[in-house]
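The values are calculated or read from the model by the stated rules, or taken from the named source; none is laboratory data. All values reported here derive from a predicted model rather than from experimental measurement. Here Cβ is always computed from backbone atoms with ideal geometry, including for glycine, and neighbour counts include all displayed protein chains.
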């Protein structure tokens, strides 16, 4: 058994500095290469122990800590918490998580979601309170400012605690108050947190490390805490049989120039070798092939970067990030799991069970989740899982979720859902290929709305905005079909015919009066049907408030069931009243008043009418 590298997942709200933190450590500029400068695909970087010791050397000397782990494998995730659910067999891929927050902005919605998921999956984590250099009146150390210009030319030797304590008293107090706000927020989740140097029990308290991903201040402290936690509390978890079956997760499927199709993967268990048999979970079935070649990124290089320098290797031991070259992997999608083994080991394995396990996780994501709902598309399984997760969090129903570009079949599926419920006339597409013109035309023809973006949270925000617009249109249409509430008053001295039908002059006190409506009096008794409206000797279908008109009322007799001076109401059903009440934001104050009066009248006989 050997000790493998701990897998560290970096998470947090967008633009709080997740990738910038890793940039400082690995001296790269990946942050500038993402859509909107937001990391959208999981990346991996190997940080060897010699680099960690270089950065945190002085702190390790002070605590006299002997490091035995070989290094750290950083996984950079997109900002949304959904991507933290990067799974491996038997649990979460991360051994430890770093939750990055902007110390000046505090917790955001995505931070809350991250904490909730880490808590649910029982993944240990630390909090990196980033952008301490941007804190009001905070003075970065001279060395830190130099690092901002030329990283690693001179490593910060002071701990962040010493740097904070060197500030003006008012700044120290402000930083302390901000950190205790973080402590209080974490406590709301039933968890305890404290500034790392004040933690009395690392098994019960979450350490908070103030840092700056720009100046490097606090990063030595952060690396020291991560390494110490991994070595002290995860020793058993990090032990691995290097001769065991290889297991991993596919991050991305690429076509590197001159290499054909390649797989960027995280190997989290065992050893993989050139020539090994490779089993990969596919959308419909297991993909079987052989490892043609293995490529290892050079130290401190980013696995995702197309310009990354790679070294050809014969084998790789977990945990690490590598490229696998193989034939027959055209249908492989990112985010799925794989296993690899040599011919000697194959006879001792339950291949059927392994295949079943691999397919189970795919079928759990690429599936129909509801009898009705929207259609979701994504470029990778991990992205699809993220979209599905977000939808579930937002109570969005999904009828179909799949990987790949939007096709005519997706439009037809969405149209089928639209016929069930107009609110389902959406296709949400994350980072998918450009649409064919025929698909665009079919979508327009069937009133299907496609929301497409390389940034997931933008898709969700736009979807919710457009969904609300559709809801309002549907509600307005529904209200438009209801009987219009109205109140009229019979004018004195304007009885033109006593009955058959009664023709009288009225004033419209409130609402819009339409023809062909039933009328009731103040006791709730029906007095007749208003069949026609005459204004200035012309018949009209409707008339508005404060207008005097002549109306013909069937089954009414002046002097018997109606009288001059009476106030009458247009009769509406109890179901119509409830619909108005449930959509009161769409009706004016006058209509609301008429409805209130009408309800009071109807409740004389039935106290629960319209309740």
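Here are a few things to note about the model shown:
- Restricting attention to the stretch 572-592, the residues that are touching a residue at least 40 places away in the same chain (Cβ under 8 Å) and out of contact with any helix residue (DSSP H, G or I) (no Cβ under 8 Å at 6 or more places or on another chain) add up to 3.
- Count of the stretch 542-555 residues which are farther than 29 Å from residue 589 by Cβ and surrounded by 19 or more Cβ atoms within 10 Å (Cβ to Cβ): 1
- Filter result for residue 72 (more than 23 Å from the chain's Cα centre (by Cα), within 20 Å of residue 211 (Cα to Cα) and at pLDDT 85 or above): yes
- Of all residues in the stretch 254-278, those satisfying the criterion of being within 14 Å of residue 324 (Cα to Cα) and surrounded by 20 or more Cβ atoms within 10 Å (Cβ to Cβ) are 262, 263, 264, 265, 266, 267, 271, 272, 276, 278.
- Selected residue [in contact with a helix residue (DSSP H, G or I) (Cβ under 9 Å, 6 or more places away or on another chain) and in the same structural domain as residue 67 (by TED's automatic domain parsing)] from 196, 187: 196
- Yes/no for residue 596 being free of Cβ contacts under 8 Å to residues at least 12 places away in the same chain and either closer than 24 Å to residue 477 by Cβ or assigned to a helix (DSSP H, G or I) (or both): yes
- Residue within the stretch 487-508 that is at pLDDT 95 or above, within 20 Å of residue 603 (Cβ to Cβ) and touching a strand residue (DSSP E or B) at 6+ places or on another chain (Cβ under 6 Å) present: yes
- Helices (runs of 4 or more DSSP H) within the stretch 339-404 that include 3 or more residues buried (at least 16 other Cβ atoms within 10 Å of the Cβ) and in contact (Cβ under 8 Å) with a residue 12 or more places away in the chain: 351-365, 381-393
- Residues that are surrounded by fewer than 18 Cβ atoms within 10 Å (Cβ to Cβ) and either outside the structural domain of residue 568 (by TED's automatic domain parsing) or in contact (Cβ under 8 Å) with a residue 40 or more places away in the chain (or both), drawn from the stretch 519-541: 521, 522, 523, 524, 526
Results for (1) assigned to a loop (DSSP other than H, G, I, E, B); (2) assigned by TED's automatic domain parsing to the domain that holds residue 104; (3) touching a residue at least 12 places away in the same chain (Cβ under 8 Å); (4) touching a helix residue (DSSP H, G or I) at 6+ places or on another chain (Cβ under 8 Å), shown as yes or no for each residue.
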| position | (1), (2), (3), (4) |
| --- | --- |
| 208 | no, yes, yes, yes |
| 212 | yes, yes, yes, yes |
| 217 | yes, yes, yes, yes |
| 220 | no, yes, yes, yes |
| 226 | no, yes, yes, no |
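- With respect to (1) surrounded by fewer than 19 Cβ atoms within 10 Å (Cβ to Cβ); (2) closer than 22 Å to residue 592 by Cβ, the lone exception for residue 486 is condition (1).
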